[in-house]
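Worksheet for the structure shown next.
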Amino acid sequence: MTTSRITVRLATITLFFVAWFGGVVRGEAMTIYQIQYTDLSEDPTGSSPYASQTLDCAGGIVVNLWTGSRPRLILQDPANPDGWGAIQVKGWDGDDTFAGINLGDWVSLTGVCVEEYRGTTFLQFGGATGPAPSAAFAVQSTGNPLPPPKAVTLDQIAAPLERPPGDWYVVDHSAEPYESMRLTVEDVVVTALGLGKASDNYNLQNDDGDAWASDYMNADRTYFDLYHEYVQFGSKFFSVTGILEQYERSGSPSWDYYQLLTTSTNDFLRNPPGDANSDGVVDDKDASILGANWRSTTATWETGDFNGDHNVNDADAAMLAAHWGKRVDEESVPEPATAVSLLLGLLTVATLAAWHRKWNPPGLGAGVPRCSRMTAEPPGRQPR
Ligand SMILES: [Ca+2]
Ligand SMILES: [Ca+2]
Ligand SMILES: [Ca+2]
Ligand SMILES: [Ca+2]
């Protein structure tokens, strides 16, 4: 047999096997990275090259479990902490789909179907009526430490832009490597609410830019509330942690955005009241800021107004005094009575007034919160 005939025969056999197995990629389990990774210069959408194929996945550590109409597991492989390291598994067998799986388990999967759904890559795990009826999971180990959330800046997961009248788009998909990973952003303020397809997105802002977040997956959100109770216009956080998800929908209006999904109250670290400079501790630097803006009526948190009434007065001094020395990870809710009594301790109004006279900074403290120009969208349903 000539070489060319052998080549033709091998090609025929190869084609036969491809046809026989259709879109099924079985054999050695693939890593999350392999399933998620896309060369964004070749495919700017960032979609998985294995979309619609059935495969086995070596899996990762369970960093979140979510029960909903389609329960979800979020798996993260600590081998890829900088990108393409996490994926969501969507169950089709109701709340019991992932029974027996706990946070910190390393879970591997067989027979799952890769789905690109509204911009996010899922591994479908489904029973009789689902897309992956033969899917199975195995708990390889338990009690693994959860991979620490990756710190990113807001511009790395940038908020979408609006193309009037009401279409939202991302400039590029450079956030794609972080899809489904746990991320944390620091020193952010809520500057807009009511955004996104289901009006449950809010805008986080700092000097690096803007990014959208949502609490729809937050287990500690009060049922029927759109947001976690900590999230209000002007809420300020030392950090917010969540899982990044893309949402995309064509039509009119069309949507494409990334949203940071918080999962519990622990995902919000609030600056202790009094931490005017947002460095995570209440100390003399903050007292100096408050003193310098004493009696201002147009103040912000950064200039000493910690209760949001725009005035810098004894109420703010009391809050600062009550949290003196507190760090962000030991933040407590101030009780007015305690605060007032402590006010007479470390910091007194007289002290603060004296600081004010000493510095007498003209024109300081007239800042107003920066506010995004984003507008609210009509209510709709969040993808589930
Ligand atoms: Ca995506
Ligand atoms: Ca993806
Ligand atoms: Ca401080
Ligand atoms: Ca105040």
Name the residues in the range 258-288 that are within 11 Å of ligand 3 (Cβ to nearest atom) and surrounded by fewer than 23 Cβ atoms within 10 Å (Cβ to Cβ), would you? Asn277, Ser278, Asp279, Gly280, Val281, Asp283, Asp284, Lys285, Ala287, Ser288
Selection within the range 76-110 - crowded, with 18+ Cβ neighbours inside 10 Å, in contact with a helix residue (DSSP H, G or I) (Cβ under 8 Å, 6 or more places away or on another chain) and small (Gly, Ala, Ser): Gly85, Ala86
If you check Asp105, Asp95, which single one turns out to be out of contact with any strand residue (DSSP E or B) (no Cβ under 7 Å at 6 or more places or on another chain) and either at negative phi or touching a residue at least 12 places away in the same chain (Cβ under 8 Å) (or both)? Asp95
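For the range 197-237, how many residues are assigned to a loop (DSSP other than H, G, I, E, B) and of a type outside the set (Gly, Ala, Ser)?
Our first condition is that a residue be assigned to a loop (DSSP other than H, G, I, E, B); within the range 197-237, this holds for 197-200, 207-208, 215-235.
Now drop any that are not of a type outside the set (Gly, Ala, Ser), which leaves 197, 200, 207-208, 215-218, 220-233.
Of the residues in the range 197-237, 22 are assigned to a loop (DSSP other than H, G, I, E, B) and of a type outside the set (Gly, Ala, Ser).
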State which residue is farthest from Ser52 (Cα to Cα) when the search covers only the range 111-129 and only residues that are polar (S, T, N, Q) and surrounded by 15 or more Cβ atoms within 10 Å (Cβ to Cβ). Thr120
Single unsatisfied condition, Asp256 versus (1) modelled with pLDDT under 95; (2) assigned to a strand (DSSP E or B): (1)
Among Ala132, Ala192, the single one that is assigned by TED's automatic domain parsing to the domain that holds Gln34 and surrounded by 20 or more Cβ atoms within 10 Å (Cβ to Cβ) is Ala132
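The values are calculated or read from the model by the stated rules, or taken from the named source; none is laboratory data. The model shown is predicted, which means the values in this text are computed figures rather than measured ones. All Cβ positions, glycine included, derive from the backbone under ideal geometry; neighbour counts span all protein chains shown.
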